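Working notes, structure below.
The values are calculated or read from the model by the stated rules, or taken from the named source; none is laboratory data. Note that this is a predicted model, so its numbers are computed, not measured. Neighbour counts are summed over all protein chains in view; Cβ atoms, including those assigned to glycine, are modelled from backbone coordinates with ideal geometry. Side chains included, ligands, DNA and RNA excluded: accessible areas come from the protein's heavy atoms. Shrake-Rupley method; radii C 1.70, N 1.55, O 1.52, S 1.80 Å.
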Amino acid sequence: QVQLVESGGGLVQSGGSLRLSCAASGSIISIGSVDWYRQAPGKERELVAGITSGGTTSYADSVKGRFIISRDYAKYSVYLHMNSLKPEDTAVYYCNADYIATPRGPIFGPWGQGTQVTVSS
């Protein structure tokens with residue numbers, strides 16, 4: 001079964017850093033663009049950062065200059081390096097791919113299960 005799995009969340013103090021990972025598992029040929037979203041309690045899910053299949057990156061204004069998104073094509077993984085974390089970054093973080101190409105055909109729009117990030121003040 002092909003799926004996206006996030007990891008790397010945890011509890012960190014304000015000003016600290018974390019690296020989130022989004023790894024695709026299963027029989028995979030390639031992955032398209034991947035976005036990181038987050039959802040805080042009582043709030044809507046928001047787009048945090050994205051990276052295209054060609055490596056072009058984009059960021060929400062709230063994280064620009066603090067977060068870096070990268071990908072490892074060989075490992076079918078995308079990372080979110082989060083620096084200078086603030087309490088308002090506390091949320092469940094999800095990754096979402098526009099497609100995953102598999103030998104049985106493409107899977108469109110898969111989501112991971114999410115990983116909790118908590119930043120204490």
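Tabulated data for the structure shown
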| item | result |
| --- | --- |
| Solvent accessible area, Å² - Ile31, 1.4 Å probe, full protein context | 20 Å² |
| For Thr52, solvent-accessible area (1.4 Å; no DNA, RNA or ligand), Å² | 50 Å² |
| Modelled label reach - Ser14, point 7 Å along Cα→Cβ, the stretch 104-121 residues with backbone N closer than 14 Å | 119-121 |
| Alpha-carbon centroid distance for the pair the stretch 1-42 / the stretch 50-83, whole angstrom | 10 Å |
| Aspartates and glutamates with Cα under 16 Å of Lys43, excluding same-chain neighbours fewer than 8 positions away | Glu88, Asp89 |
| DSSP-assigned coil residues among GluC sites (Glu not before Pro) in the stretch 35-115, each with at most 16 further Cβ atoms within 10 Å | Glu44 |
| Potential extension, Ser62-Ala40 segment - 0.36 nm per residue separation minus Cα distance | 6.5 nm |
| Mean Cα-pair separation over length for the chain, i.e. relative contact order, pairs under 8 Å, 6 or more apart, % | 36 percent |
| Under Karplus coefficients 6.51, -1.76 and 1.60, residue-wise ³J(HN,Hα) of the stretch 93-100 in Hz, glycine/proline x | 9, 10, 10, 9, 9, 6, 6, 10 |
| Filtered chymotrypsin sites (Phe, Trp or Tyr not before Pro), the stretch 1-102: DSSP coil and at most 11 other beta carbons within 10 Å | Tyr73 |
